[in-house]
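Worksheet for the structure shown next.
The values are calculated or read from the model by the stated rules, or taken from the named source; none is laboratory data. All values derive from a computational prediction rather than experimental measurement. All Cβ positions, glycine included, derive from the backbone under ideal geometry; neighbour counts span all protein chains shown. The accessibility values were calculated without ligands, DNA or RNA, using every heavy atom of the protein model including side chains. Shrake-Rupley method; radii C 1.70, N 1.55, O 1.52, S 1.80 Å.
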Amino acid sequence: MPETILVERAGRVAILTVNRPDKLNALNDQVREDMLAALAGIEGDAGVGVVVVTGAGEKSFIAGADIAEFAGRTPFDQRHAMRSPRIFDIMSAFPKPVIAMINGFCLGGGCELALSCDLRIASEKARFGQPEIKLGLIPGGGGTQRLPRLVGTGHALRLILTGDMIDAAEAKAIGLVELVVPHEELRAKTLELAQKIAGMSPLTVKVAKEAVRASEKMSLEEGITYERDLFCLCFSTADKEEGVKAFLDKRPAQWQGR
Ligand code: COA
């Protein structure tokens with residue numbers, strides 16, 4: 001059997017590629033399991049600062065959950081398939097930034113996976129949608145919760161209730177992706193972005209992600225207090241001393257990650 005997740009390294013960036021191009025990289029049990037294992041391997045690897053997730057082949061990022069697995073499934077089977085830990089939650093809480101490099105169809109669970117990432121960069125050829133309604137289903141990978149938070153209730157409902165696909169330009173216009181680039185430049189532009197973030201202090205990047213992610217769970221007042229505490233925590237690090245000193249010395253900072 002070919003590996004369902006390919007892992008490559010480009011400097012301090014790890015690239016995870018879902019490798020089922022013949023099925024448009026649909027997420028089956030095996031892919032989910034292998035993705036969790038790949039992420040677990042990267043989590044403690046100090047040599048990796050940023051993770052990029054993409055799909056194999058020219059056509060698709062991830063075309064959703066593997067629909068073939070749904071046929072004949074009972075609610076108990078499905079509940080088992082959706083047991084924790086789930087890739088969506090692991091990615092959103094991952095201690096390193098995760099970037100979705102969206103190279104084609106980004107549908108259903110694929111769109112939800114992209115929503116769980118910290119940044120989304122798409123090829124002009126990418127197409128987005130939550131087509132579950134056409135299967136008599138609703139999004140089950142966090143789409144009803146993360147999509148409205150990113151694009152607003154109206155756009156989320158339009159996508160979820162119609163199952164319609166939108167192109168990359170529209171996805172950018174509604175805030176579903178942050179960047180859209182020519183297809184042939186996708187990898188280079190993604191790596192440029194990833195390397196830039198991976199070149200910052202890993203400790204500070206981790207804390208910054210944690211602070212922003214907290215905004216999804218906290219009231220504004222709680223979040224502002226939490227931010228102040230994390231900001232003050234940064235004053236305990238060697239990297240804060242180095243960052244400030246480097247600015248004053250007019251030289252690039254040399255991060256130590258502590
Ligand atoms: N689950 C399982 N298999 C899938 C899949 C999915 N989500 N999406 C695509 N595939 C498979 C197709 O069945 C086909 O397999 P086959 O060659 O063995 O028949 C192969 O991938 C290629 O897909 P195909 O439909 O032939 O490509 P297309 O270019 O004509 O259409 C899509 C592309 C994305 C429009 C179409 O594949 C589609 O609608 N996929 C389902 C999307 C979806 O509903 N996702 C949410 C699931 S909850």
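Classify region 56-133 from the C-alpha gyration tensor, please: rounded if a/c falls under 1.5, else prolate or oblate depending on whether a/b exceeds b/c. Kindly include the intermediate steps, with their values, before the conclusion.
Numbers: a/c = 2.69, a/b = 1.30, b/c = 2.06.
Note, shape of region 56-133 comes out oblate.
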Completion exercise
The convex hull of the Cα atoms of the chain, divided by residue count, gives a volume in Å³ per residue of 143 Å³
Problem - FRET efficiency estimate (nearest 0.05) - Cβ-Cβ, Gln256 to Ala93, R0 22 angstrom - result: 0.35
Practice task
Give the calculated FRET efficiency between Cys232 and Glu33 to the nearest 0.05, with a Förster radius of 35 Å applied to their Cβ-Cβ distance.
Solution key: 0.30
Practice task
Would you mind getting me the FRET efficiency between Thr144 and Ala169? Use the beta-carbon distance for r and R0 = 25 Å, nearest 0.05.
Solution key: 0.55
Handout entry: Mean residue ellipticity (222 nm) of the chain, computed from DSSP H runs ≥ 4 via -39,500 (n - 2.57), nearest 500
Key = -13000 deg cm²/dmol
Fill in the blank from the handout: Taking a ≥ b ≥ c as the square roots of the Cα gyration tensor eigenvalues, with a/c under 1.5 meaning rounded and otherwise prolate when a/b beats b/c or oblate if not, region 1-128 comes out oblate
Fill in the blank from the handout: With x for Gly and Pro, the residue-by-residue ³J(HN,Hα) of region 134-141, computed from phi through the Karplus equation 6.51 cos²θ - 1.76 cosθ + 1.60 at θ = phi - 60° and given in whole Hz, is 6, 9, x, 10, 10, x, x, x
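How large is the accessible surface per residue of the chain, computed with a 1.4 Å probe and reported in Å² as a whole number?
On the way: 13570 Å² over 258 residues.
Averaged over the residues of the chain, the accessible area is 53 Å².
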Problem - For region 152-245, the fraction of alpha-carbon pairs in successive 5 Å shells from zero, as % - result: 2, 10, 13, 14, 14, 16, 14, 9, 4, 2, 0
